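Have a look at the structure below, then the notes.
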Amino acid sequence: MTAEVAPRKCMGVDCDKNAGTLQCPTCLKAGLDSYFCSQDCFKRSWSEHKSIHKKTTGIYNPFPSFTYPGNLRPVYPLSPRRTVPKTIPHPEYAKDGIARSEQKFVGRNNIKILNKEEQEGMRKVCRLAREVLDIAAAELKPGVTTDYIDEVVHKACLERDSYPSPLNYYNFPKSVCTSINEIICHGIPDQRPLEDGDIVNIDVTLYHNGFHGDLNETYYVGDKAKANPDAVRVVETSRECLDMSIDLVKPGMLFRDPGNVIEKHAKTRNCSVVKSYCGHGINQMFHCAPNVPHYARNKAVGTAKPGMVFTIEPMINLGTHRDRTWPDDWTSSTADGALSAQFEHTLLVTEDGVEVLTARLPTSPGGAVPIPAAEEAKNEA
Ligand SMILES: [Zn+2]
Ligand SMILES: [Zn+2]
């Protein structure tokens with residue numbers, strides 16, 4: 001249900017009139033709404049009005065004419081590109097953005113089986129990736145920008161002799177993906193301060209000693225988010241979907257199976273499953289076979305065998321499963337602007353089950369919060 005929109009008031013000093021279509025050009029550039037009733041009123045109010053520009057100097061919405069599906073806006077400029085010392089091994093795409101070996105293997109159905117030494121390499125990088133995610137998550141609070149989270153992730157990677165895998169991967173501009181509220185995935189860290197009530201996903205991947213390790217979690221920002229039954233429902237459902245799908249993993253599992261379990265559980269919570277982005281093989285390549293969809297009745301190819309490594313990373317929405325990409329060509333929003341949440345682990349298939357290479361530690365920030373009882377009852381009714 002939507003509220004009726006009240007007429008917009010003029011921003012002019014001591015003006016009670018309704019606003020017309022005239023907007024302050026400086027505010028417009030910054031992505032702020034400020035409408036005036038007339039040019040005269042705007043001029044008269046200028047000396048007082050311009051003080052609000054101070055706070056937002058240099059900050060702007062890069063795509064002011066894009067119709068955003070939700071309330072979130074990009075807050076530019078992005079900080080300058082961060083650098084990685086030459087002494088740290090870089091992945092092949094670090095220079096020009098193109099992951100050539102991935103393209104060679106694209107669509108291949110033969111899934112790599114890692115030998116003992118390679119498995120040890122994956123264990124190591126995944127352990128480091130967990131450390132970095134936990135360090136970043138500990139910094140989350142209202143007022144902190146996602147650009148600051150990016151800085152924290154970047155530094156923590158370098159301290160671990162690791163390259164932050166997202167940096168320049170197909171020209172992604174930052175070292176981590178931060179996806180707030182209606183953003184499904186691939187959010188670009190920028191100058192927007194986190195707000196009490198936001199949910200934010202941090203998706204960390206490290207490249208260390210020739211291997212990539214990938215994980216993400218969604219966190220509640222401040223106390224308001226944990227008190228919002230809808231936010232808790234989508235976050236906890238997505239956390240449970242990942243856990244339930246990991247329970248399936250062992251030799252013989254079909255890569256089309258996790259999607260059935262995930263979508264079934266999402267539906268019991270009145271949530272939907274994103275189809276456009278999938279789990280993936282990961283090893284010396286960031287993304288490779290197998291493809292692991294999170295939705296039911298998919299046609300994914302392949303069977304799990306000991307030594308295979310891949311991610312499962314369900315993206316769960318409160319509203320439609322459909323997504324829409326911002327004009328930055330990365331940020332994926334829900335098409336209706338409703339909340340989305342995600343969790344991801346990198347998994348190694350063992351002789352008789354699975355090893356969660358990016359498992360949480362006793363000290364890891366975040367973790368499950370109970371779904372308010374009223375919500376549970378509503379769903380059972
Ligand atoms: Zn990831
Ligand atoms: Zn991933």
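The table for this structure:
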{"item": "Any pair with Cβ under 7 angstrom, 6 or more apart, that starts in the range 42-65 at a residue that is within 24 Å of Pro327 (Cβ to Cβ) and ends at one that is in a loop (DSSP other than H, G, I, E, B) and at pLDDT below 85", "result": "Thr56/Leu32; Tyr60/Gly31; Asn61/Gly31; Pro64/Gly31"}
{"item": "Filter result for Phe255 (more than 15 Å from His345 (Cα to Cα) and within 16 Å of ligand 1 (Cβ to nearest atom))", "result": "no"}
{"item": "One residue from Asp223, Asp198 being surrounded by fewer than 24 Cβ atoms within 10 Å (Cβ to Cβ), more than 17 Å from Pro314 (Cβ to Cβ), acidic (Asp, Glu) and within 18 Å of the chain's Cα centre (by Cα)", "result": "Asp198"}
{"item": "Residue check, Met315 touching a residue at least 40 places away in the same chain (Cβ under 8 Å) and over 19 Å from the mean Cα position of the chain (by Cα)", "result": "no"}
{"item": "Residues located in the range 69-109, provided they are under 22 Å from Asn291 (Cα atoms) and part of a loop (DSSP other than H, G, I, E, B)", "result": "Pro91, Gly97, Ile98, Ala99, Val106, Gly107, Arg108, Asn109"}
{"item": "Subset of the range 302-320 (residues that are assigned to a loop (DSSP other than H, G, I, E, B), more than 12 Å from ligand 2 (Cβ to nearest atom) and not polar (S, T, N, Q))", "result": "Gly302, Ala304, Lys305, Pro306, Gly307, Met308, Leu318, Gly319"}
{"item": "Filter pass, Tyr207 being surrounded by fewer than 20 Cβ atoms within 10 Å (Cβ to Cβ) and within 15 Å of ligand 1 (Cβ to nearest atom)", "result": "no"}
{"item": "Yes/no for Thr218 being polar (S, T, N, Q) and more than 16 Å from ligand 2 (Cβ to nearest atom)", "result": "no"}
{"item": "The listed residue being more than 30 Å from Pro193 (Cβ to Cβ), in the same structural domain as Val309 (by TED's automatic domain parsing) and modelled with pLDDT of 95 or more, out of Arg108, Arg127", "result": "Arg127"}
{"item": "Looking only at the range 244-299, and only at residues there that are in contact with a Pro (Cβ under 6 Å, 6 or more places away or on another chain) and of a type outside the set (A, V, I, L, M), the one that is farthest from ligand 2 (Cβ to nearest atom)", "result": "Pro251"}
{"item": "Filter result for Asn260 (touching a residue at least 60 places away in the same chain (Cβ under 8 Å), over 18 Å from Ile183 (Cα atoms) and not hydrophobic (A, V, I, L, M, F, W, C))", "result": "no"}
{"item": "Residue in the range 303-326 that is in the same structural domain as Val125 (by TED's automatic domain parsing), of a type in the set (Asp, Glu) and closer than 14 Å to Pro258 by Cβ present", "result": "yes"}
{"item": "Failed criterion for Asp161 (all others in (1) closer than 30 Å to Arg269 by Cβ; (2) assigned to a loop (DSSP other than H, G, I, E, B) hold)", "result": "(1)"}
{"item": "Members of the range 268-301 that are in a loop (DSSP other than H, G, I, E, B), of a type in the set (Gly, Ala, Ser) and more than 16 Å from ligand 1 (Cβ to nearest atom)", "result": "Ala296, Ala300"}
{"item": "Enumeration of residues in the range 66-86 that are polar (S, T, N, Q) and in contact (Cβ under 8 Å) with a residue 12 or more places away in the chain", "result": "Asn71, Ser79"}
{"item": "Selection from the range 178-204 of residues that are near ligand 1 (Cβ under 10 Å from one of its atoms) and either touching a Pro at 6+ places or on another chain (Cβ under 6 Å) or assigned to a loop (DSSP other than H, G, I, E, B) (or both)", "result": "His186"}
{"item": "Answer residue from the range 322-342, given it is within 15 Å of ligand 2 (Cβ to nearest atom) and surrounded by fewer than 24 Cβ atoms within 10 Å (Cβ to Cβ) and is nearest to Ile199 (Cα to Cα) among those", "result": "Ser332"}
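The values are calculated or read from the model by the stated rules, or taken from the named source; none is laboratory data. The model shown is predicted, which means the values in this text are computed figures rather than measured ones. So basically every Cβ, Gly included, is an ideal-geometry build from the backbone, and we count neighbours across all protein chains shown.
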